[in-house]
Structure formats: structure tokens, C-alpha cells
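The values are calculated or read from the model by the stated rules, or taken from the named source; none is laboratory data. Here the structure is a predicted model, which means the values were calculated and not measured. Don't worry about glycine lacking a Cβ; one is built from the backbone with ideal geometry, like all the others, and counts go over all protein chains shown. Surface areas here come from the heavy atoms of the whole protein model, side chains and all, with no ligands, DNA or RNA. Shrake-Rupley method; radii C 1.70, N 1.55, O 1.52, S 1.80 Å.
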Amino acid sequence: MTDTPTRVLSDDELDLVELALGGALSASSLAAALPGVPADVVLTDAENTPLARLTALPGELSGVLEPLKPVPAAIGPQWDAAVRRPARAVRAALGERPGGDAQQSLALLVTEVPTREELDAAVTLVSGTGAATNGGAGPVLLLVPVARRAPAPGTVGAPGLVRSALGLADSLTGQAGAQVTTVAVPWSGLGGTTLEEVAAAYGAARTEPLPAHRSPATAERVAALPDVRDEAVRALYPPASAAEVSRAATGGARRRGVVVFFTGLSGSGKSTVARALAAELEDDGLGTTLLDGDEVRHHLSKGLGFDRESRETNVERIGYVAALVAKHGGIAVAAPIAPFAAGRARVRTLAEEAGAHFVLVHVSTPLAVCEARDRKGFYAKARAGEIAEFTGISSPYEEPDDAELVIDTTDVPVPEAVETVRRHLATLLP
Ligand SMILES: Nc1ncnc2c1ncn2[C@@H]1O[C@H](COP(=O)(O)OS(=O)(=O)O)[C@@H](OP(=O)(O)O)[C@H]1O
Ligand SMILES: Nc1ncnc2c1ncn2[C@@H]1O[C@H](COP(=O)(O)OP(=O)(O)O)[C@@H](O)[C@H]1O
């Protein structure tokens with residue numbers, strides 16, 4: 001096994017592996033959900049702890065997932081052993097209940113914090129299915145999908161969702177006499193499976209997503225809650241005080257961070273536009289960290305070259321730092337060439353896993369214009385063969401097809417380019 005290749009898992013992938021180890025996802029589906037994974041691989045967490053060995057090919061039913069070390073757990077109600085149970089244990093327990101019949105079990109999917117309306121709907125569903133007959137004999141599963149990934153700021157995360165599901169379970173027992181099992185399901189949304197299929201693996205014969213029982217009127221009232229709060233604040237306070245109270249409740253610390261990631265050829269204008277943007281955002285009081293391509297190479301990535309592997313390492317380091325900044329509500333502006341789609345995709349994932357917005361800005365200034373600018377004289381040297389692997393000349397640049405913004409600085413002056421990015425950011429930031 002010492003020669004078996006390893007793969008370090010992201011938080012989303014850890015959720016998938018946990019789901020598969022519990023028996024709710026096949027080894028081949030897991031293999032299919034891990035892009036580029038070899039047919040025999042040791043899956044590890046970020047600390048390189050080997051968690052499982054996966055021997056499978058996508059689409060091949062005979063795949064095997066062998067557990068090696070326990071999947072890392074953390075603190076919180078979603079991690080309680082009584083709640084975070086593997087699918088096969090829950091299914092077996094349902095079947096073993098006195099008079100229990102797994103064929104009867106109803107799973108309610110708690111994907112959002114239940115409203116009163118959903119509680120009432122749940123009581124009706126449970127009462128009407130035989131799940132609460134004979135003084136309350138009938139298994140009900142409350143399945144709560146929880147992700148390791150940080151929730152979007154301002155939304156209820158995994159602990160709150162599990163606590164509200166446990167409250168719902170108590171109400172269902174009290175009001176409908178149902179036997180309720182609340183289970184936290186590791187759920188990243190990846191893996192090509194649905195929550196209904198996962199619920200079946202946990203032993204459910206029937207599945208009802210609770211939010212489907214939320215009427216449009218209730219959904220509208222839930223969406224309007226922040227406005228209602230603002231109205232209440234304005235009614236209580238004079239305008240200047242109200243502004244302060246609202247700002248403290250919704251501003252700075254709770255704002256969702258952003259990674260603005262410029263990519264483009266050398267001389268395309270990334271650094272010029274990124275520097276101007278960062279300065280303006282700072283002026284606006286939006287704490288902004290600039291990770292400029294050249295500066296990063298002097299510090300974070302000192303000593304790295306320009307072969308493909310070194311560039312990908314450089315880009316991943318930038319993405320890692322940018323995601324850390326954004327995780328705490330900051331704005332990170334990065335401007336490396338980042339010539340490869342895979343590296344850019346990795347940075348997008350890192351940012352999104354940190355709960356941040358990710359804005360890819362392709363500075364698409366054509367090679368001929370960059371070369372004519374040749375600010376540092378590098379293109380001439382690259383043409384003369386004095387610099388090897390120079391992007392656009394002797395090393396590839398993979399054009400992005402997933403950029404949020406595309407700016408060609410041949411015709412777009414710097415202030416206009418900055419304004420374009422700021423307008424986009426205004427749609428993301430409160
Ligand atoms: N071989 C080769 N290819 C491309 N660029 C080279 C090379 N050698 C040195 N330089 C200088 O390094 C800058 C690019 O570094 P980056 O960190 O942005 O590149 S990468 O994202 O890792 O590909 C780049 O500057 P900017 O494009 O202005 O950022 C170049 O000045
Ligand atoms: N509209 C423009 N936007 C950005 N840079 C421009 C523009 N017009 C001319 N330039 C010049 O092009 C060069 C771009 O260099 P730089 O910003 O360092 O690019 P990169 O970081 O992509 O290598 C600078 O010398 C800048 O003054």
C-alpha cells in the first residue's frame with residue numbers, strides 16, 4: 001500500500017466519503033465524483049491521515065471502499081454520535097424495532113429550518129401514514145443534510161439546523177405520538193445521488209422534503225425577515241441611531257467575503273487594474289488585501305519556477321491565502337497569470353468552501369497588444385529564446401470559459417475596468 005497514490009480530500013469530498021463509508025453511496029459513484037482519481041487510491045484528510053482506500057472505477061459495480069482511520073469529526077450537535085449515524089446502522093435499527101417495519105418508515109427531509117407551517121404539515125404527514133398508529137408505533141426519520149463547508153453568512157448552519165430538527169422531533173412525538181429518529185447526513189450535494197436515494201439507504205420507504213410544504217406566502221415572509229427587522233429598528237430609533245444599529249447587525253463582521261481573481265497574459269493589465277481596484281475598495285472602507293502576481297513571487301512563492309507544476313503550486317498558494325482572507329469577510333484581490341483552468345477551478349473551490357464569493361476576471365488583452373507593450377522586455381527575450389516557458393510564447397494560456405467578467409484593456413481604460421468590477425461587486429455585497 002505504500003506505493004498507492006493518495007488524494008487529499010476537500011471538505012465536500014470528505015462528506016461524500018463519510019456518506020459512502022456509511023453505506024449510502026457506492027464506491028463507483030464515489031470514484032465518479034472524485035475527478036481524476038486513480039482506480040486504486042488512498043483518500044486522506046488535509047493532515048494526510050489515510051481515511052479509506054478506494055479501489056473502484058466509475059460505473060463499475062464491484063468497487064470497494066475500505067475504511068482505514070475514522071473520518072475526522074468536530075464539535076456540535078451535528079457531530080453527536082446519537083445523531084450522526086451511518087446509513088447501515090440506522091437502517092438496521094429501524095428493522096429491529098419491536099413491531100417495526102422498515103417498509104413503513106417515512107423520512108422527512110429537514111433541509112431548512114422548519115416554520116410553524118412545516119411543523120403542522122409534519123404532524124399531518126406523520127398522523128396520516130400509520131407512522132403514529134397504535135399509540136405511536138411507526139418509525140419516522142428526520143434526515144438533516146449537513147455540510148462540513150461553512151454556511152453562507154446570515155443563514156442557519158448545521159448546528160442550528162440539527163437543533164431545530166431535534167425540536168421538531170420532540171413536537172412530533174408530543175403531538176402525534178410518533179417514534180422519531182433524527183439523523184445528520186453528511187451532505188455536500190455532490191456524488192450524483194439525490195437526498196431521496198440517500199433516505200432510502202437510511203431505511204426510508206417514503207420521503208417528504210419538508211420545505212415542499214412551505215406555502216409561497218410563508219416563503220415570502222421568510223425572505224422579507226431582514227426588512228421587517230430594519231423596519232422595527234427604524235420605528236424604535238431616530239434615523240442616525242437606526243443606521244448604526246442596522247450597520248452593526250448586518251455589516252462588517254458578518255459580511256460574506258470575496259475573492260476577486262484576475263487572470264490573463266503577462267502585460268495584459270492585471271496588476272494595474274487590480275491595484276487600482278484594491279485602492280478604491282480600501283477607500284470605501286472595505287478591508288482589501290492585494291495579492292499581486294509579482295509580489296507573491298517575491299514572498300509566498302519565492303524560489304518557484306515557471307514549469308506547469310510550479311505555476312499550479314503558486315496559484316494554489318495564492319488561492320489558499322485569498323480564501324483565508326475572504327473567510328473572515330475580507331476582500332482578496334489576486335492577479336497572477338494563472339494560465340491553467342485546473343488551478344483556477346481549484347481556487348474557486350477554495351473560495352467557495354470558505355463561504356466566500358468568487359469573481360474570476362479574465363483580462364483578455366490579446367497577445368499582440370501585451371507583446372507590443374512589453375513593459376519588462378520579457379516578450380523580446382522569450383522570442384529570442386532567452387526565457388523558457390514564457391506564457392503565450394512557449395508555454396500555454398488556457399482561456400477561461402467560466403469568467404464572471406471579461407475585460408480587454410486594449411480599448412478599456414483603467415478607471416472603466418475598475419468600475420466594471422466594482423459594479424459586479426455591488427451586486428454581491430450588501
Ligand atoms: N516564463 C515566464 N512566463 C510568464 N511570466 C514570467 C516568466 N518568467 C518570469 N515571468 C514574470 O512573472 C510574472 C508571472 O508570474 P505569475 O506568478 O503571475 O505566473 S503564474 O500564475 O504562476 O503562471 C510575469 O509578470 P506579470 O504578468 O506582469 O504578472 C512575468 O513578469
Ligand atoms: N487600459 C489599460 N489597463 C491596464 N494597463 C494598461 C492599460 N493601458 C496600458 N496599460 C499598460 O499596460 C501594462 C500592463 O502591465 P501590468 O498591469 O503589470 O500587467 P500584468 O499584471 O497583466 O502583467 C502597464 O504598463 C500599463 O500601464
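Odds and ends about this structure:
- Output for region 402-416, where each listed residue is under 12 Å from Ser364 (Cα atoms) and in contact (Cβ under 8 Å) with a residue 12 or more places away in the chain: Ala403, Leu405, Val406, Ile407, Asp408, Thr409, Thr410
- Residues being more than 9 Å from ligand 2 (Cβ to nearest atom), open to solvent by 20 Å² or more (accessible area, probe 1.4 Å) and in contact (Cβ under 8 Å) with a residue 40 or more places away in the chain - total across region 262-282: 1
- Applying the criterion of at least 3 residues that are closer than 19 Å to Ala122 by Cα, open to solvent by 80 Å² or more (accessible area, probe 1.4 Å) and in the same structural domain as Leu290 (by TED's automatic domain parsing) to the helices (runs of 4 or more DSSP H) found wholly in region 191-261 leaves an empty list.
- Residue match in region 305-318 (condition: touching a strand residue (DSSP E or B) at 6+ places or on another chain (Cβ under 7 Å) and under 17 Å from Arg422 (Cβ atoms)): no
- Selection from region 324-340 of residues that are open to solvent by 10 Å² or more (accessible area, probe 1.4 Å) and either closer than 15 Å to Ala403 by Cα or among the basic types (Lys, Arg) (or both): Lys327, Ile337
- All positions within region 157-175 that are farther than 11 Å from Pro114 by Cβ and either open to solvent by less than 50 Å² (accessible area, probe 1.4 Å) or at pLDDT below 90 (or both): Gly157, Ala158, Pro159, Gly160, Val162
- As for region 176-183, it holds no residue that is surrounded by fewer than 15 Cβ atoms within 10 Å (Cβ to Cβ) and either of a type in the set (Phe, Trp, Tyr) or part of a strand (DSSP E or B) (or both).
- Filter result (within 11 Å of ligand 2 (Cβ to nearest atom) and on the phi > 0 side of the Ramachandran plot) within region 365-391: Asp374
- Against the numbered list (1) in contact with a Lys or Arg (Cβ under 8 Å, 6 or more places away or on another chain); (2) within 14 Å of ligand 2 (Cβ to nearest atom), His362 comes up short only at (1).
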